Every structure is written in C-alpha cells, then in structure tokens.
1. Of the numbered conditions (1) modelled with pLDDT of 90 or more; (2) over 17 Å from Ser285 (Cα atoms), Ile200 fails exactly one; give the number of that condition.
2. Going by what's in this entry, would Val388 be described as of a type in the set (Val, Ile, Thr) and out of contact with any Lys or Arg (no Cβ under 6 Å at 6 or more places or on another chain)?
3. Scan the stretch 404-423 and tell me whether some residue there is over 16 Å from Ala443 (Cα atoms) and of a type in the set (Phe, Trp, Tyr).
4. For the stretch 90-111, name all the residues that are of a type outside the set (S, T, N, Q) and under 15 Å from Gly134 (Cα atoms).
5. Among residues belonging to the stretch 263-284 that are over 17 Å from the mean Cα position of the chain (by Cα) and crowded, with 23+ Cβ neighbours inside 10 Å, point out the one that is nearest to Glu319 (Cα to Cα).
6. With the structure loaded, tell me whether Val411 is buried (at least 24 other Cβ atoms within 10 Å of the Cβ) and over 27 Å from Lys563 (Cα atoms) or whether it fails that test.
7. So which of Leu548, Leu538 ends up being over 21 Å from Ile433 (Cα atoms) and either in contact with a Pro (Cβ under 7 Å, 6 or more places away or on another chain) or touching a residue at least 40 places away in the same chain (Cβ under 8 Å) (or both)?
8. State whether the residues of the stretch 518-529 include one that is under 29 Å from the mean Cα position of the chain (by Cα), in contact (Cβ under 8 Å) with a residue 12 or more places away in the chain, open to solvent by 30 Å² or more (accessible area, probe 1.4 Å) and farther than 24 Å from Asn377 by Cβ.
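The values are calculated or read from the model by the stated rules, or taken from the named source; none is laboratory data. Keep in mind that this is a model prediction, so the values were computed, not measured. Using ideal geometry, Cβ is built from the backbone for each residue, glycine included, and neighbour counts are taken over all protein chains shown. For the accessible areas, the whole protein counts, side chains as well, though only heavy atoms, and no ligand, DNA or RNA atoms are used. Shrake-Rupley method; radii C 1.70, N 1.55, O 1.52, S 1.80 Å.
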Amino acid sequence: MSRPFLPERGNAVLPEQTPALPPSPPPDTVPEPAPALPLNLDAVRSSTGFGPLCGRSILLIGLMGAGKSTIGRRLAQRLGLGFVDADAEIERAAGCSINDVFRLYGEEAFRDGERRVLKRLIDGPSRVIATGGGAFMNEQTRALIRERAISVWLRCPLHVLLKRVSGRTHRPLLNGTKPRDVLERLMIIRHPVYAEADIIVQCGEDNVDNATTRVIEALALNHRPRRLPVRLERNPYEVIIGTGLIERAGALLATVLPQKRVIVISDTTVAELYLHPLLESLADSGFSVQTIVVPPGEQSKSLSEFQRVTDAILERKVERKTTVIALGGGVIGDLAGFVASATLRGLPFVQMPTTLLSQVDSSVGGKTGINTSWGKNLLGAFHQPAMVLADVSSLATLPVREIRAGYAEIVKAGLIGDADLFTWCERHGASVISQDPDALAEAVERACAFKAAIVTEDEFEQKPEGGRALLNLGHTFGHALEAEMGYNGTLLHGEAVSIGLRLAFMLSVRLGYCPQADLDRVTAHLDETGMPARISQLGRTFEARTLLDHMTRDKKMQDGKLKFVLVRGIGQAFTCRDVPAQAVHDVLVEDGCAADAMQTHAGRGTDI
C-alpha cells in the first residue's frame, strides 16, 4: 500500500491520539441539541468567514482531554457542517495506527504526512476538523491553517484535563509517566503556540452542549483584528482593534516586547473582570508577570498614588526592558504611562484600554499625566506605547453612560477635521451607543485613525497653529466644568467634552466663524443620541466668572492667553488666541450659567 509517510525509521516520539472525552453515543441516543441561541447562524457563518459559501473550515486545537472530537462533532451538528477527525484520516491514509506510524517511521515523517492530510482537508469543503494536539506546533501547518481556516483553541485548566485522561490507556504519551507531569510539560511547550489561534475558548467543567455554545458565541463575535499603524518617526507602533484581544494578548505582545517580563497596572474594578484572563494569556506565552492594583476613579491620578506605584515597581527590581501594561480606562492609562515614562527614565509601555473613551482617545498619542491641586494633567510626559490593544469585548460590561462618554470623543474627531466621520456618526451613532460590536469596532478604528494622523504630524504639540492642539476641541470648556465639579465622578470627562463641543460651536457662531445651521446639526445629534449637550443639564448652578477662572489655569495658556479651538463649520476646526472674554462669558450665560459683571484681568485686557 502506498503511504504518505517517508519510509525512514527514527526515534519514536509517541503522540497523543483521540481526545479524552467519551466518544459520542450512537445516533439513536444522541441527546437533543441545546436550545437555539439568539443568533442567526447563517449570519454567523457569513460574518466569521466559514461555511459552504465562504470555503473556510474550523479547526479545533488543544491538549489531550480538551474535547476536540466530542465538541467538534456537536459543533458540526449545530452549524450544519461536516466533521472530520484528523487523526482518523491520518490513520486511514497511512493504513496503520498512529502508534505504528511513529514506531515505523518516526515523528518527522508523521508530521510531514499530518501536514499533507490537513492541507487536503482544509482545501476541501468547509467543515469542522479536530486536530491532534501536536499539529498546530508545526510552523508550516500553522501558516496553512492561518491562511485558509479558522483555528479555535479549546483551553482547559490542568485539573479538568487530568480528570478526563485519568485511567485511559490508549494515550501513549501517558504510559509509564505521571499524567500531571506530562500535561504540565506540554502546557509549557504548547500553550505559547496555541495562543496564536484565531479564537480562544475557555473550557472548564461545562458539558458538551454548553462548551459547544461557547464556541459558537466566540465564532459569532470573531472578526480578524483591525490593525492601525501609527507611523511616528522614532516610535512607530500598532493599534490593534477587535474582540477577544485580552485572551490573546500574550501571543500579540510576544514578538513586540523586548523582554518577557511585565508589570500590569489596573484598578480594582477592571482587575476583577479582566486581570485573570490577561494573566493566563501572558503566562501561556511565557511571560513573567507582576501586578499592581490601584483604587478606581480620578483620585488615583495623584502624586501620592504615583509615588506608591513607582515605589512598588522599584521594589520589584525592574529592568529597563521590563514593560508596564496599563489595563483599564483613561485614568489607568494616564497614570501607568506616566509611571513608565519616569521609572528608570523610561520603561516600555503597552495600553490595554477597557473603556470606549480610552480606546478612542487617551490610549493613542502618548500623552500621560496626573492631576494636581492646580488642575488636570499638569504633571506628565509624552511617552508612546509599544502597542495598543483595544478589545471591544471589554465594552460589554460598561453602562450606557460610559459608552456615551466615549462616544463624545468619536463625535469630536468628526467635528475637528473629518466631516465624513460626523456623517457616519449621524447614521450609526445609535448602533455604537447600543454596543453593536461591528459599529463599535469601526467607530474605534475611524477615531483612532484620525487621531493617529494628527499625532504623526505633531507628536509633541509644537505646531504654532492647528496640529495636535485641535484635539482639544471642547476641552477648554469641558475641563473648566470638571474642575468646578471637583473631579469626583459626578461629571465624566466625556460628558464634559460633549457639553464643551456644543459650547465651542456656540462661541464660533457668536464670533461669526461658523454658520448657525452647523450648530443646530451638532445639537440635534447630541440630543438624538442622549448625549449631554447643555450646562443646564448638570443640575446645579455655575457662575460664568468661576468657569473663566478655571480656564486661565489651563495648561494650554501661553503668554497669558488661552488657545481656544474654534470651528468654521463641521470638520473645519482651527486654533485661535484672539477670543474676547466677554464672548466666552456670554456663551456660558446663554447656556445656563449665572450672569455676573465682567472685570478686566490686570495685564490681560479683555481677551482670555
């Protein structure tokens, strides 16, 4: 019989064979499928890129005991696809058992034949394929799978695998060796490679139907990540946007970071949700990880917390190639970034933003900082990240108020210099706020692309006019409101920016730069999407003069004058220093502030 294996003998390395879960029962005893998911499976197939019309198969990978064959059969049944066990196909092609192939021809010949069998299966009709545990370890096989199929790693904890393989005698790798020792060794070797899979599904004690449901849900959410390059001359990096990135962080960072040692900084709220899967992902890729957790909220952007965190890092005897990972919203990104910039005069830094606001704004561009009693972000540094991983899956846990706060920065990008983006917002804003995954991913990509272009042209905000300063549209008003509210969380940054955007348009109209129709259009969109648009909506009285005083303490002051960002229309922002204080005062009063007598500031005339 002709066999696809080289007839060369060598030292046999016994492979694992069929999965450890019990085989599926005969057809007449197969349990009823789990209740239908609230998913259109045809749409899942289409959007994910598998199924008869797409030509891509689903390959299940994992260690012995992960349930690749059992879950694979049920998955194929649920999706209406065929199922193939790759090991069975290899045995059929070879005309003998896999044990005999290894014994007669050696591992190298087996892997070559395995690759050719998998290529034939992948080139055939779209189906679910359960692979042997070592198949994905071959670089050529991995490249083939990446190009033509969708790989799903069924990741199981050690105690589950041990339970499933216990007492089994058909697994040559376990014969004469303690199963725990074998599995621990395989985890160390294989997990960093398995982490390169397109999808990672955490499988624990779930029954087959529940595990299959989790795979289908992961497939429904899966889209190849969007990659956005930030092409800075000295520190270029990528912003990667997609779902499931926290679970895949280790594999994504392994080729980027200078050392496999990291310190993760997070807050207690985010850590409870996402720290464990991040640590598992980093460990799978061979990283040594330490963590520092701070209290949630703006109060952590303080000198005292900065000192506590830097002391904790230095106590851990970090090296200059040790990377700081910021896992959280804008507060964590600003604090951790500033810590990274200052410690040992600069540590590598990764942003993993978990709020919409931080994904579209603070995570890109390298601005870091903390607050002082004199104002917001008055101590800080420019420190570009080595990578930004914007996992839109993390947004699912956010309340709608946080989504709206982040959406303000997306709207801002369109109002500054991308009228098409604002038109897109008018069409799709409701979908973004309702957390539609596709709309969220596209919104994050569009906003980040806009900001990356501006940052690339003016990384350190040095252009005398325009440039990076345009990103402050609405912020002069917004920061004044935040300062008066005491940064206590009753007014979110994005909410302040949302109100500030409309105030900037009102001021531009009052000064004759912008048509009233554009102000009306902006106001209508903010109202339609439930965004805060007016000072009067904040439920308290502000004095116009008090807000003006806060503006004069802003870090954008120069030569005693404050640079305002104004507009000539939607998508036509510009910087301006010739802004009469009376005009700003009148706009604040018009929007609900208490009126007061204007007084000329000594030495500053009537301009701000």
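1. (2) is the only condition that Ile200 fails.
2. yes
3. No; the residues of the stretch 404-423 include none that is over 16 Å from Ala443 (Cα atoms) and of a type in the set (Phe, Trp, Tyr).
4. Ile90, Ile98, Val101, Phe102, Gly106, Glu107, Glu108, Ala109, Phe110, Arg111 - these are the residues of the stretch 90-111 that are of a type outside the set (S, T, N, Q) and under 15 Å from Gly134 (Cα atoms).
5. Among them, the one singled out is Ile263.
6. In short, no.
7. The match here is Leu548.
8. Yes: one or more hits.
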